[in-house]
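Quick note: the coordinates plus some simple rules give every number you see, no bench work behind them. Note that this is a predicted model, so its numbers are computed, not measured. FYI the Cβ positions are ideal-geometry reconstructions off the backbone, even for glycines, and counts take in every protein chain you see.
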Amino acid sequence: MSGPAPKYSIIIPTFNRRDVILGTLESLTRLTSPPGGFEVIIIDDGSPHPLDELVAPYREQVDLTLLRQPNAGPAAARNRGAELARGQFLAFTDDDCQPIPDWLCAFDRVFSRDPDRLLGGIIINALDANVCSATSQLIVDLVYRQFNPTPETATFFCSNNFVMSAARFRELGGFDSSSFRLAAGEDRDFCARWRQRGWSMFQVNEAVILHFHRMNLQKFWKQCFGYGRGACTFHRLEAARGHNSLVRDSGFHFNLPRALWPLWIRLDWRSRLAALPLLGVWQVANLLGFLHQRRLDSRNNLASGQVTNPLP
């Protein structure tokens, strides 16, 4: 890498998704560059086949760095990308996401007024014909409605579409790659620690990515099971930090029908018929994942001589 440091570093973890990351790279060549420019850092998290030849044609179109590491999970891959980043701001997305051309500029307009916020954008499912993908997006939309009632009061962003200053990312210690090695939720934990510092968050509705997450029932179950494991890990960490969030968040599931209604009425009858059983799968898999992780935590506590459970 040579020349002046760019203003933005776009960090993309990837693992064994050669079929979709090309679309991500193509979308990055169409990005409108904000003042100061951007670089792209791809962290290959131990894919079976190296990506050097695949990404080589794009090196002439964007300032691109590819690093390969032993498989350590997406949180560790994002942290490694942040270590290499030269930008003032770190923009995170995933290898199955395609930002719209104005993506970075939409964030940049807000940073020009307040460079210290954590900014998150909007995620749109790009695979409407895939019922599992559409229902997965419905869950994300539901979570965003719950945790981000207005742009100014946002409390959670998915890690495939958020941006913050590199200085604050490093001050916070990045993602917790050890606790969330095998479970989803490192973005939720990151946002919670950010807010506990007294730092603000803001949702930028113009910063849109298209999500090409192709799923089947098995992958959908695995994702929801991982959500449950991640939720258990998150609440354990929150309890250790002196925050009891489990009771509050349990209300989210108990109030699900009422919270879902504004999104549900926008769907046509075919979409409702297809999504309804999958929403049930989500709840069952999420609960089983939570209980599975809690059992593992209890077993580990006993093995280490700790007999108390940090969860209420």
Using a 7 Å offset from the Cα along the Cα-to-Cβ direction at both Arg295 and Cys105, what is the distance between the two label points in nm, to one decimal? 5.3
Diffing the range 237-246: the Karplus 3J(HN,Hα) column from phi (6.51, -1.76, 1.60, θ = phi - 60°), in whole Hz with x for Gly and Pro, holds 5, 5, 4, 5, 8, x, 10, 9, 9, 5
Give the distance, in whole Å, between the Cα centre of the range 1-76 and the Cα centre of the range 100-117. 20
Of Ile139, Phe89, Gly3, farthest towards positive along the dipole that unit charges on Lys, Arg, Asp, Glu beta carbons give the chain: Ile139
Looking at the chain as a GNM with Cα springs under 10 Å, which of Pro35, Pro115, Pro99 has the largest mean-square fluctuation? Pro35
When the dipole is taken about the Cα centre of the chain, and only Lys, Arg (+1) and Asp, Glu (-1) are charged at their Cβ, what size is it in debye, to the nearest 20? 1020
Sparsely packed trypsin sites (Lys or Arg not before Pro) within the range 77-179, loop by DSSP, other Cβ within 10 Å at most 13: Arg113
Below 8 Å between Cα atoms, with a sequence gap of 6+, how large is the relative contact order for the chain in percent? 19
For helix 269-303, report the angle its Cα long axis makes with the longest principal axis of the Cα atoms of the chain; keep it between 0 and 90° and round to the nearest 10°. 80
Arranged from highest to lowest average of other beta-carbon atoms within 10 Å per residue, in what order do the peptides 38-47, 201-210 appear? 38-47, 201-210
Under a point spin-label approximation (7 Å from Cα along Cα-to-Cβ), what is the Arg272-Gln69 distance to one decimal in nm? 4.7
Using Cα atoms only, what is the angle between the long axis of helix 186-196 and the major principal axis of the chain, expressed in degrees (0 to 90) to the nearest 10? 90
Quickly rank 65-77, 8-20 as a protection proxy: mean count of other C-beta atoms within 10 Å, highest first. 8-20, 65-77
In deg cm²/dmol, rounded to the nearest 500, the helical mean residue ellipticity at 222 nm of the chain, built from -39500 (n - 2.57) for every DSSP H run of length 4 or more, is -15000 deg cm²/dmol
